[in-house]
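Participant: Below is the structure I would like to discuss, written out as structure tokens.
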């Protein structure tokens, strides 16, 4: 087989693998890991079960590939829109996070709670997502991704609260996404204020440069 043919096979393999991941993302969007068997997955994907094993070795490997792809999509969305004002990027990041959690609940719960079981791969994916989201928030607030340890710890604490609040919100969704987004961004405002008290090199962004949800009042709760 010549190099051109090899590239063709590799390209087709990548496409097939991507198609299986896309199918899995739909299947597991609102379905837990244990609820679907490999037979169920193969039937929905319209392929032989052996093909899934060929690309992913196991059901767990397949699920983790789906989770990793989903998280990469979330991070890409958060890091995008670099032409927007930095404050608007902060708002887009938080709102995008909530949208992702709302439409990919099973995947989000896996990352936020380790739903497949405590696993170094799951933790690695979660840590990478956290670090990228913190860097994106820092870039929006301070126009730089490299921040002091104390500032990073404070933002990590805020992000942990975001995870817990989002998980609870997904359980009933009595509040609109817009209200929860405004709440989380106002909490971020408080975190940025505290960081500024400890780190002179990370001054609090002026209120006039922030989106309304950061500078203004949280809207009244509205039934979803």
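Participant: Would you check which residues across region 99-128 are in contact with a helix residue (DSSP H, G or I) (Cβ under 6 Å, 6 or more places away or on another chain) and either surrounded by fewer than 22 Cβ atoms within 10 Å (Cβ to Cβ) or at pLDDT below 80 (or both) and list them?
Facilitator: Of everything in region 99-128, those that are in contact with a helix residue (DSSP H, G or I) (Cβ under 6 Å, 6 or more places away or on another chain) and either surrounded by fewer than 22 Cβ atoms within 10 Å (Cβ to Cβ) or at pLDDT below 80 (or both) turn out to be 100, 105, 107, 110, 111, 112, 114, 115, 116, 121, 125, 126.
Listed here are the residues, each with its yes/no results for (1) at pLDDT 90 or above; (2) within 15 Å of residue 90 (Cβ to Cβ).
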site: 134; (1), (2): yes, yes
site: 140; (1), (2): no, yes
site: 159; (1), (2): yes, yes
site: 177; (1), (2): yes, no
site: 182; (1), (2): yes, yes
site: 192; (1), (2): yes, yes
site: 217; (1), (2): no, no
site: 222; (1), (2): no, no
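Participant: Moving to a separate point now. Identify all residues within region 18-54 that are in contact (Cβ under 8 Å) with a residue 40 or more places away in the chain and either more than 22 Å from residue 109 (Cα to Cα) or assigned to a loop (DSSP other than H, G, I, E, B) (or both); write none if there are none.
Facilitator: 28, 29, 30, 31, 32, listed by residue number.
Participant: List the helices (runs of 4 or more DSSP H) that sit entirely inside region 93-188 and contain at least 3 residues that are over 16 Å from the mean Cα position of the chain (by Cα).
Facilitator: 120-142, 149-172
Participant: Can you list residue pairs whose Cβ atoms sit under 7 Å apart, with the first residue in region 147-170 being under 14 Å from residue 102 (Cα atoms) and the second being at pLDDT below 95 and outside any helix (DSSP H, G or I)? Count only pairs 6 or more apart in sequence or on different chains.
Facilitator: Once the first residue is under 14 Å from residue 102 (Cα atoms) and sits in region 147-170, its partners that are at pLDDT below 95 and outside any helix (DSSP H, G or I) give 169/175.
Table: residues versus (1) over 30 Å from residue 131 (Cα atoms); (2) surrounded by fewer than 13 Cβ atoms within 10 Å (Cβ to Cβ); (3) modelled with pLDDT of 85 or more; (4) out of contact with any strand residue (DSSP E or B) (no Cβ under 7 Å at 6 or more places or on another chain).
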| residue | (1), (2), (3), (4) |
| --- | --- |
| 10 | yes, yes, no, yes |
| 43 | yes, yes, yes, yes |
| 47 | yes, no, yes, yes |
| 60 | no, no, yes, yes |
| 91 | no, no, no, yes |
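Participant: Can you name the residue in region 57-75 that is in a helix (DSSP H, G or I) and without any contact (Cβ under 8 Å) to a residue 12 or more places away in the chain and is also nearest to the chain's Cα centre (by Cα) among such residues?
Facilitator: Selected residue: 72.
Participant: Let me ask you something else. Here's a check for you: in region 27-41, which residue that is surrounded by 14 or more Cβ atoms within 10 Å (Cβ to Cβ) and modelled with pLDDT of 85 or more is farthest from residue 72 (Cα to Cα)?
Facilitator: 38
The values are calculated or read from the model by the stated rules, or taken from the named source; none is laboratory data. Fair warning: this is a prediction, and the values are worked out from it, not measured in the lab. With ideal geometry, Cβ positions are generated from the backbone for all residues, glycine too; neighbour counts draw on all protein chains shown.
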